[in-house]
């Protein structure tokens, strides 16, 4: 999920529209109350084939499937349509959390913190970048950091990342 102003970004209108367009390509353009479990299975199998061919990642497929599932549930509830959850149990397996590889220390020292490397930034931006590089915090976490969350006198100095005035990106955050 991309971040905007320190808040985990909800799927955009464009993302939802793209998911619907893909679904219509597979299931056909039909009234929402005529969508069947077979349509859901066919859609998930279409994604599975793309994953097997290396054209997509399971995580991408599951995001798309999840968006459609949430939209259908919302429409069903608000319109009292009683549409069954056609995507129940159909998420693709094999999602792999790939840890981000940290920047090499030499790169940070010679490129990021090289003399005049950050001259084009204002002081606040330079300081945020220094905190990011030194701590691994996310940009939104740095700019929303409250003084009470910085614990320098603890046995192990640390920062508490709390959902103060915003949502955390993930449950693990």
key: Only one of 121, 145 that is modelled with pLDDT of 90 or more and in a loop (DSSP other than H, G, I, E, B)   = 121
query = Has segment 55-66 got at least one residue that is modelled with pLDDT of 90 or more and exposed (fewer than 13 other Cβ atoms within 10 Å of the Cβ)?
reply = yes
inquiry  = Please verify whether residue 121 is surrounded by fewer than 14 Cβ atoms within 10 Å (Cβ to Cβ) and without any contact (Cβ under 8 Å) to a residue 60 or more places away in the chain, treating the condition exactly as stated.
reply    = yes
query = Can you spot a residue in segment 61-73 that is over 16 Å from the mean Cα position of the chain (by Cα) and assigned to a loop (DSSP other than H, G, I, E, B)?
reply = no
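The values are calculated or read from the model by the stated rules, or taken from the named source; none is laboratory data. Predicted model only: the values in this text are computed from it and were never measured. Neighbour counts run over all protein chains shown; Cβ positions are idealised from the backbone, glycine included.
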